[in-house]
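The block underneath contains the structure these notes are about, expressed in structure tokens.
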Amino acid sequence: MAQCVTRVELSVACEHLLDRDAGSRSDPLCVLLQDVGGDRWAEIDRTERIKNCQKPEFSKKLIIDYYFEKVQKLKFGVYDIDNKSFDLSDDDYLGGVECTLAQIVSSSVFTRPLELKKGKLAGKGTITISAEEIKDARVLYLEIEARNLDKKDFLGKSDPFLEFYKQTDAGSWQLVYRSEVVIKNNLNPCWKKFSVPLQTFCGGDFNKPIKVQCADHDSDGSHDLIGSFETNLTQLQQAGGSSPVEFECIDPEKRQKKKSYKNSGIIRIKSCKIERDYSFLDYVMGGCQINFTVGIDFTASNGDPRSPDSLHYISPDGINEYLIAIWSVGSVVQDYDTDKLFPAFGFGAQVPPNWQVSHEFALNFNLSNPYCQGIQGIVDAYRQILPQIRLYGPTNFSPIINHVARFAAHSAQQGNASHYFVLLIITDGEITDLDQTRQAIVNASRLPMSIIIVGVGEADFKAMEFLDGDNGVLKSVMGEPAARDIVQFVPFRQFKNAPREALSQMVLAEVPKQLVSYYKLQGWPPLKLPEVKQM
């Protein structure tokens, strides 16, 4: 396993963006992609979207692991977002830049012109990126309200939102947080509890000057300042219980003009708490085992395994798409499981001795002990079973998802971060039990479990993309939403000519985030707590 040197957060700002919206300015968002080989790019992170702005300074930082021993090729893409879809393919591209992470970290400030394509500039658009090492895993949680804010709108009350800035070593102010929710028509707003990494907020310096601005949101981007104040984390930390900390919100222009001016409202810090935010490596190094299970599609649509046209046909060099997917994903995951014993199942075939169709049979024909020794054990069991079964149908996913979910539910009852389950399903086509599978995934989303689906062959995989949930929260037929996104789908055909590690990087990219999100939801720390020390 490559040694992660450190994590860095990237601050992004742009200037002179192209204007793609008729009647208003663009609504930009910046996405960070990393080269995973074979001309394939995997999304690492993205900023928030800022409405009506050609000179955005994004408050959401882009987080990436930095490896000294790797050339990490990055691509920053800026898009004009005009819909709620997660997919960026239907949004206007405002330009991008390709570089390496080493270029960014070795520059104090990295500024480049935006390009629409290689050699074609995106007008006068530029992007500026600065990196900061994350030395602190603590997170600041704040609850804030205001009262008697100034009225800024002619026909209604103000629509207030907050912005926090930290003072840099050079004395300028850098945006660290902008409240996501604008509270409409309210001069006494109470904002939702929010969190900011302590490193982002003040670099771990509790006395670093912090400026807080309260402004009235205007849809055209011309926000009106209500007022501001300066403080530091030491002062903010005095808030708690029944004693909030209060600050006068001051509008400098009004104070200069009016002798009788007192303030433009009061900002009250109701609570200010610092907690530790645990990473994927904290859980893994703390003793969390990742249990890997494989489910293989043996339906008749794969074709006769003896025919070279079949997806199950093993070529003279001993491989097929199923085997490549098992090796690619399994070779990464196996390092996180100490006993290296992996359950492996098939579905959609008639199995001996009575030739009944089964949607949950062990590759070694031993359902009470379906474990294979290492990834090679799964490969050997797969090769041995092919001539012994009859490919049939239909393509049902729910039995195998529910099978793994039973083990995950048993583990969850222990109430600790000891076991996380990853199910790899390799399939050739359309799913038959979509409704039951949706319900199984929604149920599993509340368990320590992730599902990876690799689609082999040339079939239409629209149902798989639907299960992935990237275009919105997956819901059961009854409308029950998934507690978190636990499915990652990738069509194998996109990786046919790519290095083998490209497939595993793409399909496993979400697992660390999914594992952490589950344990965070439960409030469970790592089994063995990491030492609190500066990196």
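The values are calculated or read from the model by the stated rules, or taken from the named source; none is laboratory data. Predicted model only: the values in this text are computed from it and were never measured. For neighbour counting, all protein chains shown are included, and Cβ atoms are generated from backbone atoms with ideal geometry for every residue, glycine included. SASA here: full protein model, heavy atoms, side chains in, ligands and nucleic acids out. Shrake-Rupley method; radii C 1.70, N 1.55, O 1.52, S 1.80 Å.
Do you know the relative contact order of the stretch 78-236, to the nearest whole percent, from alpha carbon pairs under 8 angstrom that are 6+ apart?
On the way: 291 pairs, mean separation 28.3, N = 159.
Relative contact order comes out at 18 percent.
Leaving ligands, DNA and RNA out of it, report the carbon-plus-sulfur percent of the accessible area of the stretch 6-134 at a 1.4 Å probe.
Heavy-atom surface of the stretch 6-134 belonging to carbon and sulfur, 1.4 Å probe: 49 percent.
I need the calculated FRET efficiency for the pair T168 and Q373, taking r as the beta carbon distance and R₀ as 45 Å, to the nearest 0.05.
Values: r = 55 Å, r/R0 = 1.23.
Here the calculated transfer efficiency is 0.25.
If you wrap a convex hull around the alpha carbons of the chain, what volume per residue comes out, as a whole number of Å³?
Details: hull volume 97.6 nm³, N = 535.
Expressed per residue, the convex hull around the Cα atoms of the chain is 182 Å³.
Taking the Cβ-Cβ separation of A509 and S260 as r and a Förster radius of 60 Å, what is the calculated FRET efficiency to the nearest 0.05?
Values: r = 59 Å, r/R0 = 0.98.
So the FRET efficiency works out to roughly 0.55.
So what is the orientation-averaged projected area of the stretch 138-276, using the convex hull of its C-alpha atoms, in nm²? It would help to have the intermediate numbers written out before the result.
Values: hull surface 36.1 nm².
The orientation-averaged projected area of the Cα hull of the stretch 138-276 comes to 9.0 nm².
Once you keep just the Cα pairs under 8 angstrom separated by 6 or more residues, what percentage relative contact order results for the stretch 6-134? All intermediate terms of the calculation are to be shown ahead of the outcome.
Working: 313 pairs, mean separation 40.2, N = 129.
Computed over the stretch 6-134, the figure is 31 percent.
So, taking all protein chains as they sit and a 1.4 Å probe, how much accessible area belongs to W41, in Å² rounded to tens?
Its accessible surface works out to 50 Å², give or take rounding.
In the stretch 129-171, whose amide N lies under 20 Å from the spot 7 Å out along Cα-to-Cβ of S219? List them in ranges.
Within reach of a label on S219: 152-162.
Have a look at A170, I134, N188 and report the one farthest towards the positive end of the charge dipole of the stretch 103-238, computed about the Cα centre with Cβ charges (Lys/Arg +1, Asp/Glu -1).
Going by the Cα projections, it comes out as I134.
The stretch 289-522: D in µm²/s via Stokes-Einstein (Kirkwood Rh, Cα pairs, 25 °C, 0.890 mPa s)?
Values: Rh = 17.7 Å.
The estimated diffusion coefficient comes to 138 µm²/s.
Nearest 10 degrees, 0 to 90: what angle lies between the long axis of helix 374-385 and the longest principal axis of the chain (Cα atoms)?
Result, in degrees: 40.
Calculate, for Q237 and S307, the FRET efficiency according to 1/(1 + (r/R0)^6) with r their C-beta to C-beta distance and R0 41 Å; round to the nearest 0.05.
On the way: r = 70 Å, r/R0 = 1.71.
For R0 = 41 Å, the calculated efficiency reads 0.05.
Could you order R406, R438 by accessible surface area, starting with the largest, using a probe radius of 1.4 Å? The partial results should precede the final answer.
Numbers: R406 140, R438 45 Å².
Order by accessible area, largest first: R406, R438.
Can you put E43, E321 in order of accessible area, largest first, using a 1.4 Å probe? Spell out each step's value before the answer.
Numbers: E43 65, E321 30 Å².
Putting E43, E321 in descending order of accessible area: E43, E321.
Report the residues of the stretch 433-469 in range of a label on A42: point 7 Å along Cα→C-beta, backbone N strictly under 16 Å from it.
Those under the cut-off are 450-455.
Can you tell me the 0 to 90 degree angle between the C-alpha axis of helix 434-444 and the longest principal axis of the chain, rounded to 10?
Computed tilt is about 60 degrees.
Measuring from centroid to centroid over Cα atoms, what is the spacing of the stretch 336-415 and the stretch 275-334 in Å?
So the separation of the two Cα centres works out to 12 Å.
For L527, what residues show an amide H to amide H distance below 5 Å, using hydrogens built from the backbone and excluding near sequence neighbours?
C288, A417
Could you report the chain's accessible area per residue, 1.4 Å probe, as an integer in Å²? Write out the running numbers ahead of the final one.
Values: 25340 Å² over 535 residues.
Normalised by residue count, the accessible surface of the chain is 47 Å².
How compact is the stretch 428-496 by the rule of thumb for globular proteins, expressed as Cα Rg over 2.2 N^0.38 Å?
Details: Rg = 12.0 Å, N = 69, 2.2 N^0.38 = 11.0 Å.
Working it through for the stretch 428-496, the quotient is 1.09.
Hey, got the dipole for the chain? About the Cα centre, +1 on K and R Cβ, -1 on D and E Cβ, debye to the nearest 20?
On the way: 59 positive and 69 negative charges, 333 e Å.
For the chain, the charge dipole is close to 1600 debye.
May I ask you to list the aspartates and glutamates whose Cα is less than 13 Å away from that of K117, ignoring any residue fewer than eight positions away on the same chain?
Hits, sequence-local ones excluded: E98.
Within the stretch 289-522, how many lysine pairs that are 8 or more places apart, or on different chains, have C-alpha atoms less than 22 Å apart?
On the way: K462/K475; K462/K496; K475/K513; K475/K520.
Taking the Cα cut-off of 22 Å, the pair count is 4.
Residue separation times 0.36 nm, minus the C-alpha to C-alpha distance between Q334 and E430: what's the value?
Numbers: separation 96, 0.36 × 96 = 34.56 nm, distance 2.88 nm.
Between Q334 and E430, full extension yields an extra 31.7 nm.
Holding the Cα-Cα limit at 18 Å, pick out from K184/K258; K152/K184; K152/K254; K61/K135; K192/K270; K84/K193 the pairs that are longer than that. Walk me through the numbers before you get to the answer.
Numbers: K184/K258 28 Å; K152/K184 12 Å; K152/K254 13 Å; K61/K135 15 Å; K192/K270 11 Å; K84/K193 24 Å.
Flagged as over cut-off: K184/K258; K84/K193.
Could you give the length gained by full extension between V357 and E253, i.e. 0.36 nm per residue of separation minus their alpha carbon distance, to one decimal place?
Working: separation 104, 0.36 × 104 = 37.44 nm, distance 7.81 nm.
Using 0.36 nm per residue and subtracting the Cα-Cα distance, I get 29.6 nm.
To the nearest 10 degrees, how steep is helix 398-412 against the longest Cα principal axis of the chain, on a 0 to 90 scale?
60 degrees
Work out the charge dipole of the chain with +1 on the Cβ of Lys and Arg and -1 on the Cβ of Asp and Glu about the Cα centre, then indicate which of S476, V36, I266 is farthest towards its positive end.
With unit charges placed on the Cβ atoms, the residue in question is I266.
Select from P160, L116, V105 the residue farthest towards the positive end of the dipole of the stretch 84-173; place +1 on Cβ of Lys and Arg, -1 on Cβ of Asp and Glu, and compute about the Cα centre.
Of P160, L116, V105, it is L116.
Report the gain in length on full extension from K475 to R500: 0.36 nm times residue separation, minus Cα-Cα distance, nm rounded to one decimal.
Working it through step by step, the gained length comes to 5.7 nm.
For the chain, what's the relative contact order in percent, using C-alpha pairs closer than 8 Å and at least 6 residues apart? Can you show the working numbers first?
On the way: 1205 pairs, mean separation 61.8, N = 535.
For the chain, the relative contact order is 12 percent.
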